[in-house]
Amino acid sequence: CTTPETNFPLVETMESFTTGVPGVMANGWSASPTSGYMWVVDAGGTPSSSTTGPATDHTLGTSSGIYLFTEASNGAAGDSALLFSPCIDITDLNHPVMSFWYHRYGSTMGDLHIDIWYGNQWLTDIVPPITGQQQYDNTDPYSYMMIDLAPYKSVTEIRFRAIRGSNYYGDMAIDDVQIYDLPP
């Protein structure tokens, strides 16, 4: 990482991303792979909208709002889809945290892991993985998570690591990622 982000709060609503399969991410965000089980830039509900995934984004709460989701119609059980944040320098923050909103509607939902680059290696599962279905309809509200990054104060990167469940009823979504200094 040669030019880490140092302006906080870092707020990513995904609204500047371009929808498509996989779509175009902006502001230093990237994903791998770009085919098979992957992160997709979307608006207006996933292709299997009545059985998995959210109906809208979290930011605007409308069908035109943009979010990211894992397309579980492709790939095999256990496949990984990786989403990388931009490089960030949280060294000077007093108490850095990351928050995001997620939607997990689907009867065969896989797991979502949060990893961080620290000490020249990926530290996996800095919080317990989010497992199983969390919403029971595509119109249910998103869930919120905040993660303490204080133990990892450095020039770093966050990785969302999605693991595909047993079939296509597992389109998990994220939106509104923020990295900021927690007020006292």
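The table below gives the values:
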item: Residue that is nearest to MET14 (Cα to Cα) [pool: residues in region 50-65 that are among the small types (Gly, Ala, Ser) and open to solvent by less than 50 Å² (accessible area, probe 1.4 Å)]; result: GLY65
item: Pairs where the first residue, in region 18-45, is farther than 12 Å from ILE66 by Cα and of a type outside the set (A, V, I, L, M) and the second is in a loop (DSSP other than H, G, I, E, B) and open to solvent by 40 Å² or more (accessible area, probe 1.4 Å), C-beta under 7 Å, 6+ apart; result: PRO22/THR34; ASN27/SER16; GLY36/ASN74; GLY36/GLY75; GLY36/ASP79; TYR37/ASN74; TYR37/GLY75; TYR37/ASP79
item: Of all residues making up region 66-109, the number that are within 20 Å of PRO54 (Cα to Cα), open to solvent by less than 20 Å² (accessible area, probe 1.4 Å) and either among the small types (Gly, Ala, Ser) or in contact with a helix residue (DSSP H, G or I) (Cβ under 7 Å, 6 or more places away or on another chain) (or both); result: 4
item: Some residue of region 116-130 being closer than 30 Å to THR6 by Cβ, assigned to a loop (DSSP other than H, G, I, E, B), charged (D, E, K, R) and at pLDDT 95 or above; result: yes
item: Residue satisfying all of: in region 110-129; buried (at least 17 other Cβ atoms within 10 Å of the Cβ) and free of Cβ contacts under 8 Å to residues at least 40 places away in the same chain; nearest to TYR67 (Cα to Cα) among these; result: ILE126
item: From the options ALA150, ALA173, residue that is more than 13 Å from the chain's Cα centre (by Cα), at pLDDT 95 or above and aliphatic (A, V, I, L, M); result: ALA150
item: Every residue from region 2-40 that is open to solvent by less than 70 Å² (accessible area, probe 1.4 Å), touching a Ser or Thr at 6+ places or on another chain (Cβ under 9 Å) and of a type in the set (A, V, I, L, M, F, W, C); result: LEU10, MET14, MET25, ALA26, TRP29, MET38, TRP39, VAL40
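Residues are listed down the side, and each one gets a yes or a no for (1) at positive phi; (2) touching a His at 6+ places or on another chain (Cβ under 8 Å):
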| site | (1), (2) |
| --- | --- |
| TRP101 | no, yes |
| ASP111 | no, no |
| ASP125 | yes, yes |
| GLY132 | yes, no |
| ASP140 | no, yes |
| ASP148 | no, yes |
| VAL155 | no, no |
| ASP171 | no, no |
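The values are calculated or read from the model by the stated rules, or taken from the named source; none is laboratory data. Quantities reported herein were computed from a predicted structural model and do not represent experimental measurements. For neighbour counting, all protein chains shown are included, and Cβ atoms are generated from backbone atoms with ideal geometry for every residue, glycine included. We work out accessible area using only protein heavy atoms, side chains counted, and drop any ligands, DNA or RNA first. Shrake-Rupley method; radii C 1.70, N 1.55, O 1.52, S 1.80 Å.
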